[in-house]
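Engineer: Sending over a structure as structure tokens; questions will come in a sec.
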Amino acid sequence: MTRSSTPRPRTGTRTTARAVVCTASALAVALTACSAPGESDDDTKASSGPIKVAVVNAQSGQLSSLGDWEYKGAKLAVDEWNEKGGVDGRKIQLKLFDDQGDPTTGTNIARRLVSDKYVAMIGTAESAVTIAMGPVLQQAKIPNITSGQSDGLVALKSPYLFLNGPTSTTYDSTLAQHLVKDKGYEKIAMITNNGSFGKGEHDAFLKAVKDLGVTPSTDQVVTTDQKEFSAALTKIRSTKPQVIFIGSEEVEAGLIVKQARDLGITAPFAGAAPQGTPVFIDTAGKAAVEGTIVSSPYLSNDVSDASKKFAAAYQDAYGKEAELHGAKAYDGANILLTALKTSNGASGQELADAIRDTRYKGLLGDFRYDESGVGITRTTIGVIRDGELVPQQ
């Protein structure tokens, strides 16, 4: 912001006083124009007009399926609220931004959300992108409900960042307990990627199995853009594992499993949320994923009356079957909208406090946020049978 100088008046004190008043008024207007979204004229609330909420998720690239599921889940919740009048008569204005799965693009979008005065953000599903956006959103006091699960999100220690699902620690400690204690596996191989999600999965699962007295037979790390995995898989095959933990996103994980079967590896795979998705199953092939063990807070659309209702509404709206990521975004959007309601349309710190105070019975379970921004700490074990993820019997 530039500062212009005011010429010294040549006449009496009345002119000087008028100049001072005008300069002060202009400064007040300028300061208001430069304020962050969480710092409106009346501190935290606006009384009329739509409430601007952004959904930020990949709509292009390898992670676009994630972004599509997330947007549909969030939009379904917003549409339901708007049909009932919105929040105290104010409609929710939802806008989708494509982060392309890229942290730099995400950071640029975060700056746009600040300049365009968005009240809150839903997304992203990619932990690395959310982590990159975090400092910008925190400085602007824009609450963000993310679908990422990396423990690196918690490490940001932002009072404006909230997770709409468990962290990798929860996913993988539940999975490790099942594999070691329930199944009795001692020879466990690992293959993860070096991205934010993969590293989070690697560290969380490795700690969990070591705490249970098991050291992986091999620990292979690949890159996020890798397409050929024969070298890592050959090393895994040589250890003759009973199960293989996989920590990578849907498409890459599917390619790994497909190539493992081509190499004659018959051991089941085990993993977290990505391994329960249709994209993973379709990429690897139905036969290749049979018996895959999955730790997830949302195993199917048939687990409760609420999930059945959500799935039916999702099908009616989009003509597609709902799954975990859509359910997570639906829960996250409902938590945000509930907080907007209870805070009378607040923004900034007051909205963040309202989110933290919200107790919400969601599709994934009962949300109760702590200071870390984590609201749910439970997953259950499922297994893929005949191309479908079903609860472990």
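The values are calculated or read from the model by the stated rules, or taken from the named source; none is laboratory data. For clarity, every value in this text was computed on a predicted model and none was experimentally measured. Neighbour counts run over all protein chains shown; Cβ positions are idealised from the backbone, glycine included. Side chains included, ligands, DNA and RNA excluded: accessible areas come from the protein's heavy atoms. Shrake-Rupley method; radii C 1.70, N 1.55, O 1.52, S 1.80 Å.
Engineer: Does anyone have the angle between helix 348-357 and the longest principal axis of the chain? Alpha-carbon axes, 0 to 90°, nearest 10?
Structural biologist: 40
Engineer: Now, a different point. Taking θ as phi - 60°, what are the ³J(HN,Hα) couplings along region 359-368 by the Karplus curve (6.51, -1.76, 1.60), each to the nearest whole Hz, with x for Gly and Pro?
Structural biologist: Once rounded to whole Hz, the list reads 10, 10, 8, x, 5, 8, x, 8, 8, 8.
Engineer: I would also like to ask the following. Quick one: if the Förster radius is 30 Å, what FRET efficiency do L212 and D366 give, using the C-beta to C-beta distance and rounding to 0.05?
Structural biologist: 0.65
Engineer: Share of antiparallel DSSP beta bridges in the chain, in percent to the nearest 5?
Structural biologist: Restricted to the chain, the bridges split so that about 30 percent are antiparallel.
Engineer: Separate question: Pull up all non-local amide H partners of Q93: gap of 5 or more, or a different chain, and H-to-H distance under 5 Å with H placed in the peptide plane.
Structural biologist: I51, K52, V53
Engineer: Quick one: which residues, 5 or more positions from V383 or on another chain, have an amide H under 5 Å from its amide H? H modelled 1.01 Å from N in the peptide plane, none for Pro or chain starts.
Structural biologist: Amide H to amide H, under 5 Å and 5 or more residues apart or across chains, V383 pairs with V294, V390, Q392.
Engineer: Using a probe of 1.4 angstrom, how much of the accessible area of region 202-253 is carbon and sulfur, in percent? Could you put the intermediate results ahead of the total?
Structural biologist: Numbers: 1220 of 2360 Å².
Whole-percent figure for carbon plus sulfur exposure: 52.
Engineer: Keeping the other protein chains in place, figure out the carbon and sulfur percent of the accessible area of region 90-193, with a 1.4 Å probe.
Structural biologist: About 47 percent, which is the carbon plus sulfur part of the accessible surface.
Engineer: Answer with a single label: of (1) 74, 52, 39; (2) 62, 53, 44; (3) 95, 42, 35, which was calculated as Cα extents along the principal axes in Å from the structure in view?
Structural biologist: Recomputing Cα extents along the principal axes in Å here gives the entry labelled (3).
Engineer: ³J(HN,Hα) across region 186-197 via Karplus (A = 6.51, B = -1.76, C = 1.60, θ = phi - 60°), whole Hz, x for Gly/Pro?
Structural biologist: Those phi angles translate into 10, 9, 10, 9, 10, 9, 9, 9, 8, x, 4, 5 Hz.
Engineer: Please list the non-local residues whose amide H lies under 5 Å from the amide H of Y360, H modeled 1.01 Å from N, same-chain partners needing a gap of 5 or more.
Structural biologist: Counting only residues 5 or more places away or on other chains, the set is F367.
Engineer: Which aspartates and glutamates have a Cα lying under 18 Å from the Cα of K183, excluding residues fewer than 8 positions away in the same chain?
Structural biologist: Here the aspartates and glutamates satisfying the reach criterion relative to K183 are D172, D211, E290.
Engineer: How large is the dipole of the chain about the Cα centre if only Lys and Arg carry +1 and Asp and Glu carry -1, each at its Cβ, rounded to the nearest 20 debye? Intermediate values should be presented prior to the final figure.
Structural biologist: Details: 42 positive and 45 negative charges, 258 e Å.
It works out to roughly 1240 debye.
Engineer: To continue, here is another question. Determine ³J(HN,Hα), in whole Hz, for all residues of region 72-82 in sequence, where each value follows from phi through the Karplus function 6.51 cos²θ - 1.76 cosθ + 1.60 and θ = phi - 60°; x replaces Gly and Pro.
Structural biologist: Taking θ as phi minus 60°, the curve returns 4, x, 5, 5, 4, 5, 4, 4, 5, 5, 5 Hz for region 72-82.
Engineer: Cα to Cα, under 30 Å, and not fewer than 8 places away if on the same chain: which lysines meet these conditions relative to K309?
Structural biologist: Filter leaves K52, K72, K75, K84, K91, K95, K286, K320, K328, K341, K361.
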